[in-house]
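Right, one structure below, let's go through it.
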Amino acid sequence: MPVTLTLEAVESLARNALIACGTSEGNAAAVANSIAAAEADGIRTVGLGFLPIYCRHLKVGKVDGKASAKWHAPAPGVLEVDAYHGFCHAAYKAAEADYIRMVRHQGIAIMTLNRSYTAGVLGWFVESLANHGLLALGFANASPAIAPYGGTKPFFGTNPLAFAIPRTGRTALVIDQSSSTTAMVNVIDAARHDRSIPADWALDENGVPTTDPARGLAGSMAAAGGYKGVSLALMVDILAALGGAQFSYQASSLIDDSGGPPNVGQSFIALDPDVFNIADRLEPLLTVMISQPGVRLPGDRRIACRDRAASDGVSVDDELFLEIESYGGR
């Protein structure tokens, strides 16, 4: 029978499991917060559903739960963060205050993370910046999943990009999407539960669209918009690796336990919207946009999920709950 957990209980469950698997309390707090946020937004695949992978990777050394990030400014408006093979959530949070001060001083600045690990929900990072009053863009690369256009062998990660801008008296507008039609974890989840997938999600070993998730995992993820999505994946790969991180094709798997640390990267570009006077023009833009019947803003569904999760909690099936408990998440 499913277990219903409050968001606070989700965060505690995740934090305890991470600590039990060798993560420091400070690092575990940041990662657990990102997991609870994913659960609140209804994204189980990178919420509690991904926690067992975090725990396994801690045990085999693909990520260092006790890593302590260091950062420096090699040029005005540039902050380079070395995650030291640790969780990017913890590395980002450690440097965030310095980065925000830099953005305020310069009007615009970039933060890069290298020797990093999977970002999970990239929107978590840019929304934090928006909650501090900044407009932000985020880029993250990942291990190979998308084949180059015309090819059949995975080369690029699903490489998400995200955007966030604060709104007066409202939740920040957040756009978070991958370069693939869907996140790879959704195909993995379908395979785990023996469900078919839409034909535009993945390609088999021969580059042919498939509804069989196992064939899709043996092949490659479908890029969003065909060759345009592949171009997007390339762009994100370059931007995410600006700080010295590996490109997608060089990274070890973020899904299985093979290989050492993936050494992927993330980059964030943030600016002070007050410098550009965009805040006064944003609401009229959004109001006119949604005046058409049937139109909603990006993130509206996510915000509705948050409201439900805050009041009703989230339901977790027994199998997943017991698996997390087995890692120490009590």
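The values are calculated or read from the model by the stated rules, or taken from the named source; none is laboratory data. Computed from a predicted model, the values in this text were never measured in an experiment. All Cβ positions, glycine included, derive from the backbone under ideal geometry; neighbour counts span all protein chains shown.
Being over 16 Å from the mean Cα position of the chain (by Cα) and part of a loop (DSSP other than H, G, I, E, B) is the filter; apply it to segment 84-122 and report the residue that is surrounded by the fewest Cβ atoms within 10 Å (Cβ to Cβ). So the residue we want is Gly107. Taken together, the residues in segment 276-330 that are more than 23 Å from Ala17 (Cα to Cα) and of a type outside the set (A, V, I, L, M, F, W, C) amount to 21. For segment 292-330, a residue qualifies if it is over 23 Å from the mean Cα position of the chain (by Cα) and not in a loop (DSSP other than H, G, I, E, B), and the qualifying residues are Ser311, Asp312, Asp318, Glu319, Leu322, Glu325, Ser326.
Restricted to segment 276-291, and to residues that are outside any helix (DSSP H, G or I) and farther than 28 Å from Ala40 by Cα, which residue is farthest from the chain's Cα centre (by Cα)? Outline the logic, then answer.
Just the residues of segment 276-291 that are outside any helix (DSSP H, G or I), to begin with: 277-278, 290-291.
Adding the requirement that they be farther than 28 Å from Ala40 by Cα leaves 277-278.
Working: Asn277: 29, Ile278: 26 Å.
Checking each candidate, the answer is Asn277.
Annotation: Val295 fulfils all but one of (1) surrounded by fewer than 12 Cβ atoms within 10 Å (Cβ to Cβ); (2) at pLDDT below 95; the unmet one is (2).
Scanning segment 228-258 for residues that are at pLDDT below 95, surrounded by 14 or more Cβ atoms within 10 Å (Cβ to Cβ) and more than 16 Å from the chain's Cα centre (by Cα) yields nothing.
Residue by residue, here is whether (1) surrounded by fewer than 19 Cβ atoms within 10 Å (Cβ to Cβ); (2) touching a Gly at 6+ places or on another chain (Cβ under 8 Å); (3) under 25 Å from Gly259 (Cα atoms) holds:
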{"residue": "Ala140", "(1), (2), (3)": "no, yes, yes"}
{"residue": "Arg167", "(1), (2), (3)": "yes, no, no"}
{"residue": "Arg170", "(1), (2), (3)": "yes, no, no"}
{"residue": "Asp176", "(1), (2), (3)": "no, yes, no"}
{"residue": "Ala183", "(1), (2), (3)": "no, no, yes"}
{"residue": "Val187", "(1), (2), (3)": "no, yes, yes"}
{"residue": "Ala190", "(1), (2), (3)": "no, no, yes"}
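Determine, yes or no, whether Val63 is at pLDDT below 95 and either in contact with a strand residue (DSSP E or B) (Cβ under 9 Å, 6 or more places away or on another chain) or buried (at least 24 other Cβ atoms within 10 Å of the Cβ) (or both). So Val63 fails the test.
Taken over segment 24-64, residues that are over 16 Å from the mean Cα position of the chain (by Cα), among the polar types (S, T, N, Q) and either in a helix (DSSP H, G or I) or within 17 Å of Asp257 (Cβ to Cβ) (or both) amount to 1. Selection of segment 123-138 for residues being surrounded by fewer than 24 Cβ atoms within 10 Å (Cβ to Cβ) and assigned to a loop (DSSP other than H, G, I, E, B) yields His132, Gly133.
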